[in-house]
Structure formats: C-alpha cells, structure tokens
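Data first, discussion second: the structure below is written as structure tokens.
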Amino acid sequence: GPHQLAFGRWLLALALMLPFTWAALSAQPRAWLREWPHLLALGALGMWICGAFVYLGGQTTTALNIGLIYAVCPVGIALVGVTLLHERMSWAQRAAAMLALSGVVYVVAKGDLGNLRALRLTPGDGWIVAAAVAWVAYSVLLSRWKSVLGPAPRLAAIIAGGLVASLPFTLAEVAWTETPPWSWKATGLVVAAAVLPGALSYSAYSFVQRELGVARTGLMMYLAPLYAALLGWLLLGEPPRVYHLIGACMILPAIGLATRGTARG
C-alpha cells in the first residue's frame with residue numbers, strides 16, 4: 001500500500017542514518033527538541049505527502065502527467081525563494097530556468113508537443129499536485145527555518161517527524177483497506193526507496209541547498225527527465241531517443257547558467 005511503502009521507506013532510511021547521526025543528536029537533545037514543530041511540519045511535507053501521495057497518484061495517472069506537474073516545481077521554488085528568502089536571481093538565470101522548463105516539457109512530450117493535447121486529468125493528478133506543492137513548501141521552509149543541527153542529523157530528526165505524521169494514516173491503511181500482502185518484492189521496493197531516493201538524495205539536496213540557496217537548488221529538478229531516460233536505458237532496456245538529446249542540450253546549459261557561482265545570493 002502507498003502509506004506502508006512510504007512508512008517503510010523512511011523507517012529504514014532513519015535506521016541507516018542513525019549510526020552516523022546519533023552522536024550529534026544525543027549531544028544537545030534539549031536544543032533541537034525545541035524545534036519539534038518545524039521538524040514535524042517538514043517531515044509531514046517531505047516524507048509523508050511527498051511519499052505516500054505520489055504513490056497514491058501513480059495508481060491512477062500517467063508518468064507523462066507526473067512529469068509535467070513536477071516540472072513546475074523548480075519555478076515555484078525559485079519564485080518563493082526569491083520572494084520570501086530574498087535570494088537573488090539575475091535575468092540570465094531566470095531565462096535559463098525557462099529554457100530548462102522548455103527542455104523538460106519537450107522531453108516529457110517525447111519531442112512532439114502535440115502529445116500534450118492528449119493529456120487527460122485523473123484523480124491521481126490531484127495527489128501529484130498536492131505532492132508538488134508540498135515539495136515547494138518543504139524546500140523553502142528547510143532553508144527559512146534555521147536549526148542547531150547539521151544537515152545529516154537534522155534530516156534524521158525530520159524523518160522521525162515524518163514517521164510520526166504518517167503513522168496514523170499507515171495504520172488506517174492496514175486496518176481498513178485491502179492492499180497486496182507483504183512480500184520479498186515489497187521488501188526490495190522499500191529498501192531501494194530508502195537508500196536511493198531516500199537517505200542519499202535528501203541528504204545531498206540539503207547540502208546543495210545550503211551551498212547554493214533554495215532557488216538555484218530547485219532548478220536541479222529539471223535534470224530528472226534525463227536521469228529517467230538513462231535509468232530506463234540501463235534497467236529497462238529502453239534506449240534514449242533523439243528528443244532526449246535535444247532536451248539535454250536545452251537543460252544542461254541552462255542548469256549551468258542558472259547555478260553559476262557557489263555563494264548564496
């Protein structure tokens with residue numbers, strides 16, 4: 001089930017992180033426990049909503065719809081970051097963001113913008129929109145709310161907050177809905193989700209955001225369609241197409257331009 005997968009993913013991610021973060025967490029518990037409202041809110045946004053809601057949406061919508069909806073996230077993150085956090089983005093960087101967005105849309109449309117006319121909205125799109133909005137909020141609040149903890153210990157504490165937020169819904173799913181029985185395949189999915197798009201990617205995102213700021217870090221999400229194309233080639237035997245190359249030629253230079261410099265604006 002969606003909530004069980006999300007809960008298992010983050011429970012395992014927390015278990016993997018605790019050996020490396022426990023010393024920092026136990027050194028000053030009173031200091032960071034005062035941040036519990038922020039940790040709970042960030043956990044609900046980044047781990048519960050951006051986990052279970054995406055899995056719920058994927059049951060009734062298409063990868064094309066998900067890609068298009070999430071393609072708007074970096075623009076939202078940049079706009080909110082500039083407005084609320086007073087981060088600077090030059091006109092060249094804003095133009096680069098729009099070029100990257102165009103490249104994403106081109107890849108998602110498989111090189112034919114006429115494919116976009118075939119899109120049909122489903123209930124799953126609503127779940128994905130909610131998850132995308134939650135990711136924008138998570139990204140901005142992660143920077144706006146300061147913490148006494150370093151990036152890795154803070155992420156572990158946020159994951160704990162996400163587990164608390166999602167636990168009631170996970171228990172309700174187990175009790176009141178019919179989901180496939182647990183299996184070795186389910187275990188493999190949880191392990192993969194915990195390691196790659198869980199502990200490793202969220203830790204990297206926190207680090208890069210601290211170095212580049214919210215707006216420029218959010219633009220990295222434009223690389224997702226290219227990653228998907230490469231992984232599809234390696235894991236599913238789906239060779240990249242010409243539209244992937246054209247999209248990469250739009251996205252990669254735009255990312256380089258938009259993220260020039262390492263100092264926060």
Just for the stretch 117-176: of the residues that are charged (D, E, K, R) and not in a loop (DSSP other than H, G, I, E, B), which one is surrounded by the fewest Cβ atoms within 10 Å (Cβ to Cβ)? Arg117
Condition check for Gln28: over 25 Å from Leu155 (Cβ atoms) and open to solvent by 30 Å² or more (accessible area, probe 1.4 Å): no
Output the residues belonging to the stretch 97-116 that are surrounded by fewer than 12 Cβ atoms within 10 Å (Cβ to Cβ) and in a loop (DSSP other than H, G, I, E, B). Asp112
For the list (1) at pLDDT below 90; (2) outside any helix (DSSP H, G or I); (3) buried (at least 20 other Cβ atoms within 10 Å of the Cβ), I need the number of the one condition that Pro180 fails. (3)
Criterion first (assigned to a helix (DSSP H, G or I), under 24 Å from Ala131 (Cβ atoms) and under 18 Å from the mean Cα position of the chain (by Cα)) does Leu11 satisfy it? yes
The condition from (1) under 22 Å from Pro2 (Cβ atoms); (2) part of a helix (DSSP H, G or I); (3) in contact (Cβ under 8 Å) with a residue 12 or more places away in the chain that Thr217 misses is numbered (1)
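The values are calculated or read from the model by the stated rules, or taken from the named source; none is laboratory data. This structure is a prediction, so every number in the text was calculated from the model and none was measured. So basically every Cβ, Gly included, is an ideal-geometry build from the backbone, and we count neighbours across all protein chains shown. Ligands, DNA and RNA are excluded from the accessible area calculation, which covers all protein heavy atoms including side chains. Shrake-Rupley method; radii C 1.70, N 1.55, O 1.52, S 1.80 Å.
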